[in-house]
Every structure is written in C-alpha cells, then in structure tokens.
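Down below is the structure, laid out as structure tokens.
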Amino acid sequence: MSSLGALPVLVAMLGAGVLVASSAFIPRAGADALATSVTAGVLVLCALLLHRASQSPFAYWLGGWRPRGGVTIGISLSIDPMGAGVAMFAALLVLAALVYSIHYFEAVEGLFHGLMLVFLAAMAGFSLTGDLFDLIVFFELMSTVAYALTAYHIEERAPIQGAINFAITNSIAGYAMFVAVALLYARTGALNLAQIGAALDHHHADPLVIVAFALLAVGFLTKAAVVPLHFWLADAHAVAPAPVCVLFSGVMVELGVYAVARLYWEVFAGALAGHVAAVRAILVALGVATALLGALMCVLQRHVKRLLAFSTISHVGVMVCGIGLLTPGALAGVATYAAGHGLAKAALFMLTGVLLHRFATVDEYDLHGRGRGLRVTGVLFAFGGVLLAAVPPLTMFAGKSLIEDGAGRIGYGWLSVVCVLVSMATGGAVLRVAGRVFMGWGPSEGPDPAQARAAEERVDETRGQRDRTPWPMLVVPAVLLALGAAAGLVPGLVPRIASAAARFTDHPAYAAWVLHAARPSWPAAVAVDPSGSAVLAGVLSVVGAVAVAALGLFGRSLPQALPRAARERSRTALRAVRHLHSGHIGDYIAWWTAGAAAVGATCLLALR
C-alpha cells in the first residue's frame, strides 16, 4: 500500500500532459471524460492512502532513499490521516468542478482540463510531502496554475488585472518562504520536515529560527488571505470562472491554514515550546482581525462573487483562530469546520454560476426578483446561507463547537463571540441575496454602482441557452450541500477527525515514524459531543443570520434613526475600509509589506 504514495501526484500530472498534448485533436467530450476519469482515479487513490494512514502513518521514500540513523538524503511523502484527508478533499472538489464545467463552459479546450489536473497534482503533493523545499515548490506550482486559471479569459482586462494582483502578491510571499528555507537549511543541514524539527528541538528559539518561522507563516497566511495579506483574494474571485472559484474558496485558501499548522507542529513545536502563549496570542490576533474585517466587507458587497470571497476570508479567520489555540481538539474543530465550509462555499459559487448563466450578471440589485422562476436554485442558495450560519447539528456547527470548547478550556472563551458574529454576518449576507434575488424582497436599487458594472458578464463563458439551466449545474451543488450538511452527522466521523488531529500534533511521534519507521501508539478515538453553550451559540448564530438578512432587505431606514454625528462617522469609517480595497497593486504590496514587517517584529519581540 505504501507504494501508492506518489501515485496521486503522478497520475494527475500524466493526465494533464496527455490532455494538453492531445488538445488539438481530441473532442470536447473526450477531454471532459478523460479529465473526470483521471480525477476520479486520484480520488480513489487518496481514499486508499487515507485508509492505510488511519491504521498507521507511513513515509514513502522516493527512489528508495531511506534515512540512516535519523539522517535523510532522499525525499519523502510523509502520509498521515490529516494530510491524506486533505488530498482526498481536494480531489473531490476538483472532480465536482470538472463535472460542473461540462455544462458551464460554452467553449473550453484541453488546456483548461490540463490546468485543473496540474492544480490537483500540486494540491495533492502539497498535502502529502514531508520535504520543506518540495512543500514550497508545490505551493508555487499551485499558485502558478491559479494565476493562469484566474486569467483564463485573457482577452478581457479585468481577469488580467485580478491575475496580476494575485500573482505579484503571492510571488513575493513565495520569495519570503524560500529565504526561510535557506535559513533553516543553513542551521540544520536538512530539508526533511521531521529532521529539521528534530534538529531544532536541541536549540532555543534564536533570531534565525524566529525569522524563519515568521517568513514561512507570512507566506502561507498570504495564500490563506489573512488580514492584511488578503487583498488579492476578492479581486481574483470576482473575475475567475465559477468552477475555478470553487477550488479557490473550497480548498486552496484552506491549504494555507493547513500549512501553518503543519509547520508549527512538525518543525517548530520543540523550538517554540517555551513560547506557546505568545504564538497563540499572535495567531489568534491575526485570526480575529481577519474574521471581523472579512465579515464586515461581506455584508457591504452587492457583487455576489466578491461577497462570497469576503465570506471566505472571514471563515479563514475563524480557522486561523482555531489553529492558533494550539490544541488537538481545536485543530479537529478546524478540520471539521474547513470541510463543511469548503463544500458549502463550492456549492454557492456553482449556484452563482447558474445566475451568470441565466442573467449574465451577479449584481444583487440588478438581479432583484429575476430568480423567482429558479425555485430549486433559490432553495439551494438559501440552504447554503443556513450552512454558513453554522446551524446545529450540521458539519460547520460541529467544527465551530470544537473550536469554541477548545478556546474555553484555555481562557479564550470570548472567541465564541467572534465565531457567532462571523456566522451571523456571512450567513445573513447570503440569505439576504437569496431573499432579494429569488423572492424579490427589499429595494431594487443599492449603493456603489461601480460594483454593478463589475458584476456584469462581459464574456459569454457559459454554455447552452440562457432560458434553461442544465440539470448537472444543479445536481452537483446539491450533492455538495448535502455532503456539507451531513458529514458531521456521520457516526464516528468527528471522533476520527479528533484522533487524526491528536496524531498530527504529536511532535516527537512524527519524527519517530518518519525518520525511524516506528509505530507509535495513540489512544483510540473518543466521542466528541458539543457543550450546551456551543448549542446555544449555534442557535444564536442562525437567529442572528436571519436578523442580518432581514435588516439588509427591510431595514433601509434604520441608519436614519441614528444621530447625525454617528451616521457620518460610520459612513466615513466604511468609506475608509472600502478605499483600502482599491484594486491597485501598489497599495496591496504596501499593505503586504507592512503586515509582514508587523508579524516579523512581533515574533522577534515576543518569542525570544
């Protein structure tokens, strides 16, 4: 079974090569069939790896170059349940996006399918590799393909601008990470994650180690779109095709959060063992800022794809808070929460693609009442909003309750308030769109007409007649929503995720099974039940989301009830927040530089 370790990456890359090489003569149906078949095969391979790793994690050494005496020369794929599960989840969403694309695109060549398979190969390799240098290489491969997919409609200005913002911001983050790799290699003489971690265990957290940690964290948090490194994400989502947004919001940004968790527990946990409180405070602060700013910007949007993008930023903030708590239980909550969020958000982007297909716009006010005839789409869209509100006892609620319970155990109980606000704002914004578009509620004119112009579809990327919706474009998001709702209800699944999280956070055991082929013993999975306070918070989140939606639809006169001075201050503050998201790459790089410097300086001051 361990010989299957490299096959998910290999099969996806070979499939991509065949598709690109044959794109000139293979028919559209053939490209669709080949791409979906290859992706389904990768999904099966990842499921087999997950089954094997659940019994005992293992390392697959490329070329048979196994370590001797704890020293590595070769490159390993270090496969544990968490990494294999992330790779399988990525394959699932790529498969869903490809099936959806069959009836979404009017004209698409084998190049698109090839890019999607390379993207899959990069995500699988990123999830499974045990080598720091290869982790960055897969990160860069994933990013490069993402830039191309963002600018897939290269004849239009907006996709090019969004892709450039995306590329420059994330490329600078990549350079920062390669500097960190050089620093760690100079200190340890190793690139294997387990060997670097074992070497750093014998050193205190000196400036070199701290700077390397900060650079790696900043690099991967850029991919996760954490404030103030987040500006690229909404611009990319606004112009990328809907099936591509499925992968961006559904799994790509979550991989940035996963990488931060992996690097901390596999590399830096020993060196930073005396600074757990400081690391926790830094990550939680970044997470809270991201969650609240993303929630605010989500509510302010009328461009539906940008609304969903800022919703993703807000939920990533919750995930970063969960990682920052640095406990196995909170990590299990993040994994569960990310799965539910990824499935729900992927479905919502697909349903937004249905609106593009039918009406050639995703402006909330321009779509006022035009979706009345799309009953199934409307029901599914509203259900997606309910899922984002973390309704008990579904998957996102199960993850959120674990994060909240973990926060309460270490004195961070106030994080429950942040989680509730995020669920209320993001779920309420989606429900507001559902009410305005599919029910015709609320006013038909709104602020910021520039968003309305940006939300119009200038290229006819969708396939078929606009007076009907092909059934696969509804079936695929319906299946994803069903999975996103019910995954947390599967008996034993959440306890297994908790067990995988406990193994993932066992820093000494990781080095033992990677470098010495040991078989550590871990406790069996135990039942995980949400507390009464978590259930109450979940109910409050749903009620609050409905209230936010109602205020957005029917509370137009509410601001007028405020004192004039308060109205002016709030408008000034909102204008300032909007102005920050200018779309100008110079502004974004300035904020990235300021954010990276702030994180680095804070780490140097707090972790020495």
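The figures follow:
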item: Cα convex hull volume per residue for segment 104-222 (Å³); result: 103 Å³
item: The chain, helix-only ellipticity at 222 nm - DSSP H runs n ≥ 4, -39,500 (n - 2.57), divided by all residues, nearest 500; result: -23500 deg cm²/dmol
item: Rg/Rh ratio calculated on Cα atoms of the chain (Kirkwood radius); result: 0.95
item: Highest to lowest packing among 198-205, 349-356, scored as the average C-beta count within 10 Å; result: 349-356, 198-205
item: For segment 341-370 and segment 484-554, distance of Cα centres in Å; result: 29 Å
item: Degrees, to the nearest 10: 276-300 long Cα axis against longest axis of the chain; result: 20 degrees
item: Euclidean distance between Cα centres, segment 191-236 to segment 14-76, Å; result: 26 Å
item: Cβ crowding within 10 Å averaged over residues, with 136-145, 263-272 ranked highest first; result: 263-272, 136-145
item: Between helix 81-104 and the chain: long-axis angle, C-alpha atoms, 0 to 90°, nearest 10; result: 30 degrees
item: Folded to 0 to 90 degrees: helix 304-324 orientation relative to the chain principal axis, Cα; result: 30 degrees
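Each reported figure results from applying straightforward, stated rules to the coordinates on display, with no laboratory input. All of these numbers come straight from a predicted model, not from anything done at the bench. A quick note on method: Cβ atoms are made from the backbone with ideal geometry, for glycine too, and the neighbour counts reach across all protein chains shown.
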